[in-house]
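The values are calculated or read from the model by the stated rules, or taken from the named source; none is laboratory data. Given the structure is predicted, the values throughout are model-derived calculations rather than measurements. Cβ placement follows ideal geometry from the backbone for every residue including glycine, while neighbour counts extend to all protein chains displayed. Areas reflect the complete protein model, heavy atoms only, side chains present, ligands, DNA and RNA absent. Shrake-Rupley method; radii C 1.70, N 1.55, O 1.52, S 1.80 Å.
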Amino acid sequence: MTDSNRVIIFDTTLRDGEQSPGASMTRDEKVRIAKQLEKMQVDVIEAGFAMASVGDFEAVKAVADAVRESRICSLARALDADIDRAGEALRGASAGRIHTFIATSPIHMKYKLKMEPDQVVENAVRAIRRARNLMDDVEFSLEDASRTEFDFMCRIVEAAIAAGARTINIPDTVGYALPEEFGHTIRRLIENVPNSDQAIISVHCHNDLGLAVSNSISAVANGARQVECTINGLGERAGNAALEEFVMALRTRHDAMQLTTGIVTEQIVPASRLVSTITGFPVQPNKAIVGANAFAHESGIHQDGVLKHRETYEIMTAQSVGWHTNRMVLGKHSGRNAFRSRLEELGISFATDAELNEAFRRFKELADKKHDIFDEDLQALVSEQRAAEDMDEAFRLTYMSVTSQTGEVPVATVALMTASGEEVKSTAEGSGPVDATFKAIEKIAESGATLELYSVNAITSGTDSQGEVTVRLEKGGRIINGNGADTDIVIASARAYINALNIMLSNREKAHPQV
């Protein structure tokens with residue numbers, strides 16, 4: 001195996017994945033995911049878009065300071081201020097990369113940039129040179145590359161490499177490409193750009209037509225050696241190429257492509273669960289690799305075949321992607337040291353004893369409700385605690401009572417503590433206990449938001465499992481996801497709704513790039 005057969009895995013869960021409507025992550029949550037990606041041995045972690053907001057800058061900086069084994073990257077438009085801000089955020093990284101981009105398709109240049117092609121090339125070259133003055137490793141992306149005229153693509157790629165870009169990314173920004181044509185484009189580009197051997201060719205595929213992984217595979221089969229992807233395929237619109245699917249396709253079909261990655265595949269399922277818990281985006285049961293049914297067999301013929309010889313119906317083992325991960329169980333008799341040790345194994349630590357004590361208190365409360373506490377329970381517990389710590393809460397649930405019985409209209413009474421310290425109580429009827437609860441909360445909040453989505457997901461198996469609820473609210477075109485967990489689904493629902501309201505009222509605003 002030679003270096004030419006090694007595919008670099010560039011994970012953009014923390015940047016492009018966060019662009020999923022309502023999937024914003026706090027700084028601490030980004031660090032937790034980044035540490036898990038480091039454990040997976042992801043080559044490059046795109047930690048965010050430093051210029052987007054103060055919060056994004058702080059998150060990129062925190063990830064750069066916390067992660068030592070993976071290269072940390074920040075996105076930057078081809079603007080001086082963006083590039084300088086990215087360089088500042090990455091100052092503490094053991095290995096950093098500035099990723100700058102500009103649109104190159106005719107439709108983007110004419111209507112979005114309002115630039116002539118010569119101006120686009122000039123801006124790209126200037127941006128790359130400025131970035132190279134700050135950092136040795138610079139990546140350049142041609143936004144909307146799959147709709148870019150081929151001759152112009154070759155021209156700007158050659159200029160970008162000459163200016164000092166080590167990696168050239170060819171994104172299928174709108175998920176428009178088909179695998180055969182996309183692979184052909186990558187092959188032609190490598191053959192027609194004279195200095196293409198001086199840079200790694202990368203791809204970043206969106207999933208609008210469900211072809212992101214297929215396009216990525218076609219690209220590496222034709223010479224690309226970096227793939228930009230996300231955990232669970234999270235991302236803008238229909239998402240990105242799913243890291244777990246791409247990596248396992250290369251590993252399982254090594255006979256066909258002779259390509260490899262450095263990913264520790266046994267960490268895939270833990271990473272999937274962590275991202276799902278933090279973002280509130282449940283993984284569909286039939287999702288390849290990480291879905292609950294990915295290695296389940298119901299058909300009698302399939303069951304019989306697997307029992308006789310696993311490979312009759314399974315092309316990889318569940319253990320190879322992490323389904324056998326440590327299932328150490330904590331309970332109400334577990335002490336503080338066991339609790340802290342297990343969290344540290346999950347990559348979770350606390351800055352102060354006060355934070356640890358609060359987490360341990362929540363753990364004991366949960367342990368009184370359910371007998372066994374699994375890793376997923378701990379992740380949800382810490383996520384909820386830190387989400388509350390990272391914002392000024394406009395509302396906090398202090399009391400709740402719901403009555404629901406056959407033939408009667410459900411009634412909910414809630415009491416919320418406001419930011420001013422006043423406790424306000426409200427009662428409302430609804431078509432069900434959750435509907436009544438939300439209406440009671442709205443009587444107090446008067447947010448004017450529209451409920452777009454209500455989703456319940458069991459965190460673990462068993463009737464005493466915590467229910468993890470996701471609530472999506474929309475107001476004035478702004479979409480916010482709120483999350484809550486509890487063994488009581490109605491209480492979890494109330495917490496999720498209040499979490500969404502608190503995020504909405506915190507007015508977290510940020511720029512919204514697209515590659």
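In summary, region 395-505 shows an alpha-carbon radius of gyration equal to 1.03 times the 2.2 N^0.38 Å reference for compact globular proteins. Amide H to amide H distances under 5 Å link Glu468 with Asn457, Ala458, Ile459, where only residues 5 or more positions off or on other chains count and H is placed in the peptide plane. Ordering Leu142, Ala165, Ala241 by the projection of their Cα atoms onto the charge dipole of the chain, which places +1 on the Cβ of Lys and Arg and -1 on the Cβ of Asp and Glu, puts Ala165 at the extreme positive end. Backbone phi angles across region 272-280, fed through the Karplus curve with coefficients 6.51, -1.76 and 1.60 (θ = phi - 60°), yield HN-Hα couplings of 4, 5, 5, 5, 4, 5, 6, 8, x Hz in residue order; Gly and Pro are listed as x. In order along region 441-456, the phi-based Karplus estimate (6.51 cos²θ - 1.76 cosθ + 1.60, θ = phi - 60°) of 3J(HN,Hα) comes to 5, 5, 4, 8, 6, 6, 6, x, 7, 9, 7, 9, 8, 9, 9, 10 Hz; Gly and Pro are listed as x. For Gly235, the residues whose modelled amide H falls within less than 5 Å of its own, excluding neighbours fewer than 5 places apart on the same chain, are Ser20, Asn240. The 3J(HN,Hα) values that the Karplus relation (6.51, -1.76, 1.60; θ = phi - 60°) gives for region 152-165 are, in residue order, 5, 4, 4, 4, 6, 5, 4, 5, 5, 5, 4, 6, x, 6 Hz. Gly and Pro appear as x.
In the chain, the longest principal axis of the Cα atoms and the axis of helix 80-89 are about 60 degrees apart.
Between 0 and 90 degrees, the angle of helix 179-192 with respect to the longest Cα principal axis of the chain falls at about 40 degrees. In the chain, the longest principal axis of the Cα atoms and the axis of helix 336-345 are about 20 degrees apart. Computed over the chain, the per-residue total of -39500 (n - 2.57) for DSSP H runs of n ≥ 4 gives a 222 nm mean residue ellipticity of -12000 deg cm²/dmol, rounded to 500. For Lys369, the lysines whose Cα comes closer than 23 Å to its Cα, not counting residues fewer than 8 places off in the same chain, are Lys332.
Of all segments of the chain bounded by GluC sites (Glu not before Pro) found in a DSSP loop with no more than 10 other C-beta atoms within 10 Å, the longest spans 1-297. Dipole magnitude for the chain: about 460 debye, using +1 per Lys or Arg Cβ and -1 per Asp or Glu Cβ, origin at the Cα centre. The H on the amide N of Leu453, modeled in the peptide plane, is under 5 Å from the matching H of Arg472, each at least 5 residues off or on a different chain.
Computed over all pairs of different Cα atoms, the Kirkwood value for the hydrodynamic radius of region 1-136 is 15.6 Å.
Rolling a 1.4 angstrom probe over region 8-279 with all protein chains present gives an accessible area of which 47% lies on carbon and sulfur atoms. Computed with a 1.4 Å probe over protein heavy atoms only, the accessible surface of the chain comes to 43 Å² per residue. Too long at a 30 Å Cα-Cα cut-off: which of Lys61/Lys443; Lys39/Lys61; Lys35/Lys287; Lys364/Lys443; Lys30/Lys443? Beyond 30 Å: Lys61/Lys443; Lys364/Lys443; Lys30/Lys443. Per the Debye formula on identical point scatterers at the alpha carbon atoms of the chain, with no solvent, log10 I(q)/I(0) at q = 0.05, 0.07, 0.10, 0.13 Å⁻¹ is -0.21, -0.41, -0.83, -1.27.
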